[in-house]
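Everything on this sheet refers to the single structure shown next.
The values are calculated or read from the model by the stated rules, or taken from the named source; none is laboratory data. Because the structure is predicted, anything quoted here is derived from the model rather than measured. Here the Cβ positions follow ideal geometry from the backbone for every residue, glycine too, while neighbour counts run over all protein chains shown. To get the accessible areas, we keep the full protein, side chains included, count just its heavy atoms, and leave off ligands, DNA and RNA. Shrake-Rupley method; radii C 1.70, N 1.55, O 1.52, S 1.80 Å.
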Amino acid sequence: DNSADTVATAKPVGPTFDADSAYAFTATQCDFGPRVMNSTAHEKCGKWIVDKFKEYGCEVQEQKADLKAYDGTILKSTNIIAHFNPNAKKRILICAHWDSRPWADNDPDSTNHKKPVMAANDGASGVAVMLELARQLQADKKLTVGVDFVCFDAEDWGVPRWETQYPNADDSWALGAQYYAKNFPTAVKPEFGILLDMVGGEGAQFYREGMSVQFASDVVNRVWEAAKAAGFGSYFPDAIGGMVTDDHVPVNQFAGIPTIDIIPYYPDCQQSSFGPTWHTVNDTMEHIDKNTLQAVGQTVIQVLYSL
Ligand code: AHN
Ligand code: ZN
């Protein structure tokens, strides 16, 4: 047990992340309904996210594209890109996806498989942490580096479990991030990136994700050290979790930005290693824990204020 050690060596820097605020930002997204591609809820929530980043002093860019899903469906996609300190040359990428999965195809009850996921954790939590970060950065005014907050669209339209005839299943995920990385929309490339995926779940721990270690081990070390310094080392074990096909993979491969994924790993969960609510109808506000949001938000602040 290293918890005493973790507290003893903690040296938090920067503003205090407000988990109540991040929780409220998560709830507001859910209040639109599941933000499934091509739906009214998706459209309305996208406008709300744009307005919030503008309210917190960011310059916002919308990267729109018609993206083709695995089955040929055209997805009206918008990556929402919010620049904090837009003129700073040294920039850091913080990203998350904002769309909801159309199918709860990992639900233990198969009659739920074609229902949409509310995506309180798998979508809303990452955007909520980014909005709270933007709010804190604007209030504090001390950060001199730039931050590019990117809300990726069309992450969660990956081939559903019941479809067996599609060979390139991995490419069907993270369509918005693939588009961003292959059509890089800004002149200045961020030095490194941090993806926030499912950062509000109860009982979550963030093991070192395998693809992140392969592509960007220095960034992994930096973030896991920052978690200890912020006092949240118990949420970030120094052990390797799974390898995840997620938005950070195309950002590493096609944009060349060393980018890591903060994503939960539940070694003992039967339902999924991403936790019991992943791609189920139970991914709702009831299973969001403010302490998890706090651990992740304060860790990202620690990274930004240690540069
Ligand atoms: C796969 O299931 C292949 N990747 C998980 C990426 C993901 C989905 N993250 C959130 N939802
Ligand atoms: Zn998902």
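Summary table
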| read-out | value |
| --- | --- |
| Residues (of a type in the set (D, E, K, R), more than 12 Å from Ala96 (Cβ to Cβ) and crowded, with 18+ Cβ neighbours inside 10 Å) located in region 133-166 | Arg135, Asp148 |
| Matching option when the condition is open to solvent by 10 Å² or more (accessible area, probe 1.4 Å) and within 21 Å of Trp48 (Cα to Cα), among Thr111, Thr78 | Thr78 |
| Qualifying residue in region 192-203 (condition: away from ligand 2 (no atom under 16 Å from the Cβ), more than 19 Å from the chain's Cα centre (by Cα) and outside any helix (DSSP H, G or I)) | no |
| Some residue of region 254-274 being under 26 Å from Ala119 (Cβ atoms), more than 17 Å from the chain's Cα centre (by Cα) and assigned to a helix (DSSP H, G or I) | yes |
| Selected residue (criterion: surrounded by the most Cβ atoms within 10 Å (Cβ to Cβ)) from residues of region 236-255 that are away from ligand 2 (no atom under 16 Å from the Cβ) and closer than 10 Å to Phe215 by Cβ | Val251 |
| Hits in region 20-43 - residues which are over 17 Å from Phe152 (Cα atoms) and open to solvent by 60 Å² or more (accessible area, probe 1.4 Å) | Asp20, Tyr23, Asp31, Phe32, Thr40 |
| Condition check for Asp99: open to solvent by less than 10 Å² (accessible area, probe 1.4 Å), within 15 Å of ligand 1 (Cβ to nearest atom), at pLDDT 95 or above and part of a loop (DSSP other than H, G, I, E, B) | yes |
| Residue in region 204-220 that is least open to solvent (accessible area, probe 1.4 Å), counting only those that are of a type in the set (Ser, Thr, Tyr) and outside any loop (DSSP other than H, G, I, E, B) | Ser212 |
| Residues of region 256-273 satisfying the condition of being of a type outside the set (Ser, Thr, Tyr), within 16 Å of ligand 2 (Cβ to nearest atom) and without any contact (Cβ under 8 Å) to a residue 60 or more places away in the chain | Cys269 |
| Matching residues in region 107-125 - criterion: being within 17 Å of the chain's Cα centre (by Cα) and either closer than 12 Å to Ile288 by Cβ or of a type in the set (Lys, Arg) (or both) | Met118, Ala119, Ala120, Asn121, Asp122, Gly123, Ala124, Ser125 |
| Flag if Val147 is within 16 Å of ligand 1 (Cβ to nearest atom) and β-branched (Val, Ile, Thr) | no |
| Test: residue in region 173-186 that is under 21 Å from Asp51 (Cβ atoms), at pLDDT 95 or above, away from ligand 1 (no atom under 13 Å from the Cβ) and outside any helix (DSSP H, G or I) | yes |
| Unique match (being open to solvent by less than 10 Å² (accessible area, probe 1.4 Å) and more than 15 Å from Gly297 (Cα to Cα)) among Ala177, Ala169 | Ala177 |
| In region 126-140, residue nearest to the chain's Cα centre (by Cα) [restricted to those that are away from ligand 1 (no atom under 13 Å from the Cβ) and not aliphatic (A, V, I, L, M)] | Glu132 |
